[in-house]
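Some notes on the structure that comes next.
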Amino acid sequence: DTAVSQTPKYLVTQMGNDKSIKCEQNLGHDTMYWYKQDSKKFLKIMFSYNNKELIINETVPNRFSPKSPDKAHLNLHINSLELGDSAVYFCASSRTDSPLHFGNGTRLTVT
Amino acid sequence: AQSVTQPDIHITVSEGASLELRCNYSYGATPYLFWYVQSPGQGLQLLLKYFSGDTLVQGIKGFEAEFKRSQSSFNLRKPSVHWSDAAEYFCAVGGRGGADGLTFGKGTHLIIQP
């Protein structure tokens with residue numbers, strides 16, 4: 001009965017590779033997000049999707065691309081991974097006037 | 001631009017003692033305010049939220065927070081901490097629409113001394 005689930009939990013890969021992180025929510029929310037948490041625990045929004053439309057793109061490199069096949073899913077694709085991409089990536093969802101519900105995160109390590 | 005300041009990076013409290021974590025925000029409209037907690041290796045769990053109404057809000061795990069518009073603050077309190085409260089605490093601000101997401105503070109790391 002997990003509300004927001006993301007896979008994988010851990011992802012270790014080499015520089016230059018392309019990888020994806022999947023996210024699914026079963027809360028019926030209409031907006032989904034991707035946040036990046038750096039090594040200092042700072043959380044910064046990367047994207048949000050509302051009804052399949054990109055709402056925010058916070059100057060994230062275009063190597064990162066969100067893809068939402070439907071309202072319940074928002075996947076994150078990353079091309080040509082760099083060392084600086086190492087972080088914990090959190091998926092979240094919400095509806096208007098409600099708090100964000102977060103997944104448990106994906107720890108990405110680029111070597 | 002909206003922002004959140006948590007002035008204390010680390011706070012150490014003895015078990016059973018009271019706790020207050022500070023949060024100041026900057027937001028151009030009526031803010032929605034949140035406190036989240038993150039245990040090691042875990043995601044973020046909502047402790048409490050303020051949307052409108054009573055400025056003193058109660059949350060889970062015995063936490064409460066008070067919204068003070070004049071001070072642009074939303075401090076988190078707990079009368080008696082437990083060892084299991086050791087975690088990272090994040091204050092966040094957002095708008096009514098939700099689609100803009102939340103802006104988070106840099107977090108306060110809470111350490112509980114026996």
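State which entries of A:LYS40/B:LYS49; A:LYS19/B:LYS106; A:LYS36/B:LYS106 exceed 21 angstrom in Cα-Cα distance in the structure shown.
The pairs that break the limit, which is 21 Å between Cα atoms, are A:LYS40/B:LYS49; A:LYS19/B:LYS106.
Given Cα pairs under 8 Å that are at least 6 residues apart, what percent is the relative contact order of chain A?
About 37 percent, as a whole number.
Could you sort B:ASP85, B:ASP54, A:ASP30 by accessible area so the largest value comes first, with the probe set to 1.4 Å?
Highest to lowest solvent-accessible surface, that is B:ASP54, A:ASP30, B:ASP85.
Quick one: accessible area per residue over the protein assembly as shown, 1.4 Å probe, rounded to a whole number of Å²?
49 Å²
Work through the residues other than B:ILE11 whose Cβ is under 10 Å from its Cβ and net out their charges, Lys, Arg +1 and Asp, Glu -1.
Cβ neighbours under 10 Å give a net charge of -1.
Amide H to amide H, which residues 5 or more places from A:SER86 or on other chains are under 5 Å from it, using H placed in the peptide plane?
Sorted by chain and number, the residues that satisfy this are A:VAL110.
Based on the alpha carbons, how large is the Rg to Rh ratio for the protein assembly as shown when Rh follows Kirkwood?
Here the Rg-to-Rh quotient is 0.97.
For region B:38-114, what are the per-bin percents of Cα-Cα distances with bins 10 Å wide, up to the bin holding the maximum?
Each 10 Å bin holds this share of Cα pairs: 16, 49, 30, 5, 0.
To the nearest Å, what is the center-to-center distance of region B:23-100 and region A:29-64, using C-alpha atoms only?
21 Å
Scan around A:ASN17 for amide H atoms under 5 Å from its own, H built in the peptide plane at 1.01 Å from N, and keep only partners 5 or more places away or cross-chain.
Answer set, sorted by chain and number: A:LEU81.
How shielded is B:101-109 by partner chains, expressed as the average number of their Cβ atoms within 10 Å of its Cβ atoms?
5
Over chain A, what percent of the accessible surface lies on carbon and sulfur atoms, probe 1.4 Å?
Of the solvent-accessible surface of chain A, carbon and sulfur hold 47 percent.
I'd like the mean, over residues of A:40-48, of how many other protein chain beta carbons sit within 10 Å of each residue's own Cβ.
Mean partner shielding for this stretch: 5.
Largest first, what is the accessible-area ranking of A:ASP97, A:ASP18 with a 1.4 Å probe?
A:ASP18, A:ASP97
The values are calculated or read from the model by the stated rules, or taken from the named source; none is laboratory data. As the structure is a prediction and not an experimental result, all values here were calculated from the model. No Cβ is skipped: glycine too gets one built from the backbone with ideal geometry, and neighbour counts run over all protein chains shown. Quick note on the areas: whole protein, heavy atoms, side chains included, nothing else; ligands and nucleic acids left out. Shrake-Rupley method; radii C 1.70, N 1.55, O 1.52, S 1.80 Å.
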